[in-house]
Each structure stands twice: as structure tokens, then as C-alpha cells.
1. Rolling a 1.4 angstrom probe over the protein heavy atoms, how many square angstrom per residue are accessible across segment 155-306?
2. Can you tell me which of 293-301, 242-250, 45-53 comes out highest on packing, and rank the rest after it, using the mean Cβ neighbours within 10 Å?
3. Across segment 198-211, in residue order, what do the Karplus-derived ³J(HN,Hα) couplings come to in whole Hz, using 6.51 cos²θ - 1.76 cosθ + 1.60 with θ = phi - 60° and x for Gly and Pro?
4. Compare Trp114, Trp164, Trp92 by solvent-accessible area with a 1.4 Å probe and give them largest first, with all protein chains kept in place.
5. Could you check the spin-label model distance between Ala63 and His279? Points 7 Å from the Cα along Cα→Cβ, value in nm.
6. Could you let me know the centre-to-centre spacing of segment 81-119 and segment 181-260, using Cα atoms, in angstrom?
7. Going by average Cβ neighbours within 10 Å, how do the peptides 170-180, 147-157 rank, with the highest at the top?
8. Going down the list Lys89/Lys294; Lys108/Lys202; Lys84/Lys168; Lys89/Lys110; Lys198/Lys281, which pairs span over 27 Å between their C-alpha atoms?
Amino acid sequence: MIQQRRVLFVLHKHWLDNNLAIQLWYDGFQIKCLYLGLSFVSQSFAFYMDESGSPKPNPRDQASYFAVGGVLIQHHDESRIRRKIADFKQRWEIDESVPLHGNEIRSKKKNFAWLGLRSEDEQNQFLQDLTDTIVQCPIIVHGCVISRQGYLDRYLERYGSNTWEMMKSAFSILLERVSKYVVLQGGEVMVYFEKAGKKEDKLITSYFNDLRDSGAPFSAETSTKYAPLTSNQIRQVLTGIQGKSKNHPILQIADLCLYPIAKSKGQPQNRAFQELIRHQKLVDAVLTPDSLEKMGIKYYCFEDSL
């Protein structure tokens, strides 16, 4: 049975900039909010998400993981982030229409083949500049990483051809956790994903609608310890979903941030991941230890996780 959440309202009798300030508490966590006259003003967030790997539960797939993740921003910060990306591209004479695609940068191919022709020092300067640009952005990085073999071991024999694609599990886990974090900020969030095709986009949208209509699609018995939000709570937080072109600057940030998260189980010391930790860009860095299990980055079906 899902436990009811208790919300405690605490009113402080003082004013800030002509606005009566209050504090809201949700399950022991302070929610950020201002009271204006007769209505609460919630913070407006956007979550830009990407995926890494194939979601198909195919035993022949050699990839060790599938991951979904991205960056959470406040809407009013979007222009600031766009400017930082545009400035970075200008410094390196990259056409504004060329996306900063992580795989191309790492492999030095296609739009970034030129990088492989530069000296090692220049390549390091490029990567450091890119890293500095990302960590200077006002973002919170979140994600769900699934062990492919662990997922197959757990579900394929039991469900066979009816085994869910990993995207359904990862998407539901991730957005439910993003919603919890946004609740703590007294806000609501719009979700954006990279368009992949009519069929794929329709599937993503269906997962989103199912989450809002019915809540996370997992056993209540096994998920109770994670204190999942109810469908009604989720509907109040998740305002909508929309596909965007891969050229969208913040989707490019999501792509670049997801890869180190996806690789972090096997390569926890990778440079990009450590920089995200050092600059407190991971959601885990801004959560209290006792809330990590409920709303932190999720590593699913790994030997040391549930």
C-alpha cells in the first residue's frame, strides 16, 4: 500500500520584495515557493532528455547498458545556456547548426573529424573548454542506467516476448524521480526529448501519458520503499512532453551529460563524470543522503542494485 505523504505548511510573518514569504514542507523536505496574494507561484522547469544504447531486450546486443537521462533547468535560464553554447561554438569556429554530438566528438569523426587533425594539446584544450562550458551552465543532471545483462536475467526468461523494452522502465523510473525533485522545488516541469521518428516519438509520448494517468508501472509491493508519487501527484508536476530537433542546444547538453552517467558504473573515475561531481551538477550532489534511494540517479538491475 502506498503511504500517504504529509505536507506541513509553515508561515513566516515577514515580507520579501512586497511578497509574503512562506515555507512549505513535503515529507520532511523544504519546498521553495512564494505566496503572492491568494495564489502560490510555482517554479517552471524543463527537463531535456536523451537516451544511450538500444532499448531492445536483445541477448545478442553486446552493449553493457541502456540509459536515459538529461538535464533539468529552470525555464528562465534557457537563454543563458543557449548563449554559453553559442559562445563555445564561436570560439572553436563550429557552425551554429552543427550539434555537439558526444559520439562524434569522442570518435573525432563526421562533423568533428577536424579535431583529430589538431595537436594533442589543442584537443585537450577543446575538451577542457567544453567541460568548463557545461559545468558553468545552471543544470541538474539526472538519469537511469540499466544493466543489459541484469535486465535480461531478471525478466527475459519470465516474460519472454512480452518483456518490456528497457525504455519503458528507464523512462518511468527517471521521470517519476525528476518529478519528486521538482516537487521539492515547489515547481512543475515540461519534458523535451530528441525526435527520432513518428513511431518512436509516439511510443515515448504513450509512456509519458501512461505515467501521468496511472503512475509508475511497477509492483506496489516492491516499490513502496521508494515512496512513489501517485498518478494525481505526477499529473500536477509533469505538464507535458514535446519532441525537439537534435540541433536544440540544451538537448546537446543532455547528450553530453548522459554518457558519463551511463559509463559511471564501469568507469567511475572518467573525467567528465568526476567534473560533474566536483561542480555539484549531479542530482545526487544536491540531495540529502536519506533521499538518494528515492529520487537519486538510478542504477537498475546491476548486481549491487535492485
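1. I get 48 Å² per residue for this part.
2. Result, highest mean first: 45-53, 293-301, 242-250.
3. Going residue by residue, I get 4, 5, 5, 5, 5, 5, 4, 4, 5, 4, 5, 5, 4, 5 Hz, with x marking Gly and Pro.
4. Trp164, Trp114, Trp92
5. In this crude label model, Ala63 to His279 measures out at 2.6 nm.
6. 28 Å
7. Sorting 170-180, 147-157 by mean packing, highest first, produces 170-180, 147-157.
8. From the list (Lys89/Lys294; Lys108/Lys202; Lys84/Lys168; Lys89/Lys110; Lys198/Lys281), the Cα-Cα distance tops 27 Å for Lys89/Lys294; Lys108/Lys202; Lys84/Lys168; Lys198/Lys281.
The values are calculated or read from the model by the stated rules, or taken from the named source; none is laboratory data. A quick note: this is a predicted structure, and the numbers were derived from the prediction, not measured. Note: ideal-geometry Cβ built from the backbone for every residue, glycine included; neighbour counts use all protein chains shown. SASA here: full protein model, heavy atoms, side chains in, ligands and nucleic acids out. Shrake-Rupley method; radii C 1.70, N 1.55, O 1.52, S 1.80 Å.
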